[in-house]
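Peer 1: First the structure, then my questions, so here it is.
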Amino acid sequence: MPVILLIILGAAAGFLATRLMDIDANVPTTVAIGVLGALIGGLLLRFLLALTGMAFGFIGAVLGAVFLIWLWQTYVK
């Protein structure tokens, strides 16, 4: 089922992309453009989310450490 869904979504994305870029392509080429574009876009988006996820994780760790130091200085000392 995921393969059929990928082909259907690829056909729709390829159709839209070929119209936006004003390219005259046949149906198999349009589907191939859409499926490959979905794969490339999905990989790129996952990569960017992983990078930002690591960056936000680091920022969260620093903020958590600062909060812990504040608590320690305020209530323990």
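The values are calculated or read from the model by the stated rules, or taken from the named source; none is laboratory data. Bear in mind the structure is a predicted one, so any value in this text is a computation, not a measurement. Cβ atoms come from the backbone with ideal geometry, glycine included; neighbour counts cover every protein chain shown. The accessibility values were calculated without ligands, DNA or RNA, using every heavy atom of the protein model including side chains. Shrake-Rupley method; radii C 1.70, N 1.55, O 1.52, S 1.80 Å.
Peer 1: Kindly indicate whether any position in region 13-22 is open to solvent by 80 Å² or more (accessible area, probe 1.4 Å) and touching a Ser or Thr at 6+ places or on another chain (Cβ under 7 Å).
Peer 2: Here is the first cut: in region 13-22, the residues open to solvent by 80 Å² or more (accessible area, probe 1.4 Å) are 15-16, 19-22.
Restricting the remaining residues to those that are touching a Ser or Thr at 6+ places or on another chain (Cβ under 7 Å) gives 15.
Within region 13-22, one or more residues are open to solvent by 80 Å² or more (accessible area, probe 1.4 Å) and touching a Ser or Thr at 6+ places or on another chain (Cβ under 7 Å).
Peer 1: OK, next. From the list T29, T74, which residue is without any contact (Cβ under 8 Å) to a residue 40 or more places away in the chain, surrounded by 10 or more Cβ atoms within 10 Å (Cβ to Cβ), on the phi < 0 side of the Ramachandran plot and not hydrophobic (A, V, I, L, M, F, W, C)? Don't jump to the end; show me each part of the working.
Peer 2: Numbers: T74 fails: surrounded by 10 or more Cβ atoms within 10 Å (Cβ to Cβ).
Step by step, each of T29, T74 is checked, and only T29 is without any contact (Cβ under 8 Å) to a residue 40 or more places away in the chain, surrounded by 10 or more Cβ atoms within 10 Å (Cβ to Cβ), on the phi < 0 side of the Ramachandran plot and not hydrophobic (A, V, I, L, M, F, W, C).
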